[in-house]
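Visitor: My questions will all concern the structure given below.
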Amino acid sequence: MVRSSSASHSMKAWCYCLLLGAYALYLLIGTLVFWGIERDSEVQLQEELRALKQTFLGDNRCLSEENLEEFLEHVLTANKYKVSALQDRLEEESWDFSSSFFFVSTVITTTGYGHTVPLSDGGKVFCIIFSLFGIPLSLFLFRCLVHNLMTLVTRRPVHYIHTRWGYARNHVALLHAFVLSFFLLSGFFLIPAICFMLTERHWNFLESIYFCFISLSTIGLGDYIPGMSTSPSLRQIRKLGLSCYIILGLIVMLLLLETFYELQEVHYIQKLFSLPKEKQEEDQLHVLQHDELALESTASPLPRTPTEDKTPNTDLPPLYKMEDDLHSH
């Protein structure tokens with residue numbers, strides 16, 4: 001028994017090492033791939049920008065390179081706060097109602113595109129306080145909604161098919177998870193991507209599906225924001241709709257993840273990295289005993305109180321004498 005327990009612990013230790021190694025390898029592969037793919041594009045863009053700058057200085061000899069650098073620095077700083085130097089966008093507001101609502105929704109859902117940021121110190125302080133309470137509130141709300149939706153969308157259909165036609169529950173759950181994935185991913189990835197491709201002027205299908213995934217996975221890089229090239233009135237409506245899309249999409253993603261998490265195959269993989277049940281109970285018992293000892297050592301002893309004499313009263317007459325008295329009367 002001891003040998004089998006030791007072998008189980010050794011196997012789980014190797015599984016953890018394998019998992020950590022695979023995770024580190026995955027990070028390394030991603031680093032090398034992005035480095036190799038994006039580095040050439042960055043160098044090419046830097047060369048084009050450098051050539052364009054030299055051409056501009058050659059055409060405008062009255063302008064020094066220092067003045068141009070200072071001007072570009074102001075433009076880039078203003079652009080970081082979504083204040084454009086272009087004439088057709090100079091009067092645009094980044095903090096109207098729809099933009100503020102879009103910013104709030106991206107903050108409390110941790111999407112955070114970063115395209116709009118607070119300018120004032122008061123706005124930065126309020127953003128910290130608002131996020132401190134808003135993010136846990138969002139997680140709690142999403143958790144409650146997903147818990148209720150799991151019963152309606154996953155558990156009841158799987159139980160009905162299992163009891164109605166007698167199929168194995170794990171097979172039904174696996175098939176249901178893939179069918180649910182198809183409909184939810186189509187409704188919140190493919191269809192919105194097609195809509196973005198048709199409504200955004202310079203977006204293709206890859207950029208549209210890229211935006212949907214980056215948004216609903218809460219990565220929020222902010223390199224693509226829909227509705228920026230439309231009229232101001234239409235832009236406000238689209239930002240409100242985009243805020244609702246992000247919130248609903250996150251709930252759907254959590255629902256889908258919870259559905260896959262309940263599969264027996266996932267539980268089997270998870271058991272490879274979990275302690276045995278007996279070991280968990282021993283650890284919990286050890287923690288409880290340690291807490292009890294700590295409480296006993298810190299608690300002050302109670303004063304002794306005199307105990308009452310609990311000895312029975314022997315002055316009562318015997319039972320047979322009581323019966324004789326009753327008969328005599």
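The numbers here are math on the coordinates, done by the rules we state, and not lab data. Small disclaimer: the values here were computed from a predicted structure and weren't measured. Glycine gets a Cβ as well: all are built from the backbone with ideal geometry, and neighbour counts include every protein chain shown.
Visitor: What's the exposure ranking of C127, C212, going from fewest to most Cβ atoms within 10 Å? Please report the intermediate quantities before stating the final value.
Guide: On the way: C127 16, C212 22.
Result, fewest neighbours first: C127, C212.
Visitor: With θ set to phi - 60° and the Karplus curve 6.51 cos²θ - 1.76 cosθ + 1.60, what are the ³J(HN,Hα) couplings of segment 105-117 in order, to the nearest whole Hz, using x for Gly and Pro?
Guide: Result, rounded to whole Hz: 5, 6, 6, 6, 9, 6, 6, x, 5, x, 7, 10, 9.
Visitor: What nm distance separates the two modelled labels at W165 and L119, each placed 7 Å from Cα along Cα→Cβ?
Guide: Roughly 6.1 nm, to one decimal.
Visitor: Sticking with this one: As a footprinting exposure proxy, order W14, W165, W95 by other Cβ within 10 Å, with the fewest listed first.
Guide: Taking fewest neighbouring Cβ atoms as first place, the list is W165, W14, W95.
Visitor: Would you mind calculating the gained length between W95 and Q46 on full extension (0.36 nm times residue separation, minus the Cα-Cα distance), in nm to one decimal?
Guide: 14.4 nm
Visitor: Another question, if that's okay. Can you run phi through the Karplus equation (6.51, -1.76, 1.60; θ = phi - 60°) for segment 205-216 and list ³J(HN,Hα) in whole Hz, with x for Gly and Pro?
Guide: Going residue by residue, I get 5, 5, 5, 5, 5, 5, 5, 4, 5, 4, 6, 6 Hz, with x marking Gly and Pro.
Visitor: Here's a follow-up. Arranged by the count of other C-beta atoms within 10 angstrom, fewest first, what order do I246, I129 take?
Guide: So the residues, fewest neighbours to most, are I129, I246.
Visitor: Provide Rg and Dmax in Å for segment 104-275, with only Cα atoms included in the calculation.
Guide: Answer for segment 104-275, Rg first and Dmax second: 19.3, 63 Å.
Visitor: Can I ask one more? Out of every Cα-Cα pair in segment 185-252, what percent are more than 20 Å apart? Don't skip to the end; give the middle numbers.
Guide: On the way: 456 of 2278 pairs.
Everything past 20 Å amounts to 20 percent.
Visitor: How many times 2.2 N^0.38 Å is the alpha carbon radius of gyration of segment 170-217?
Guide: Against the empirical 2.2 N^0.38 Å value, I get 1.40 for segment 170-217.
Visitor: Give me the one-decimal nm value for the distance between modelled label points at R156 and E262, 7 Å along each residue's Cα-to-Cβ direction.
Guide: So the two model labels end up 1.2 nm from each other.
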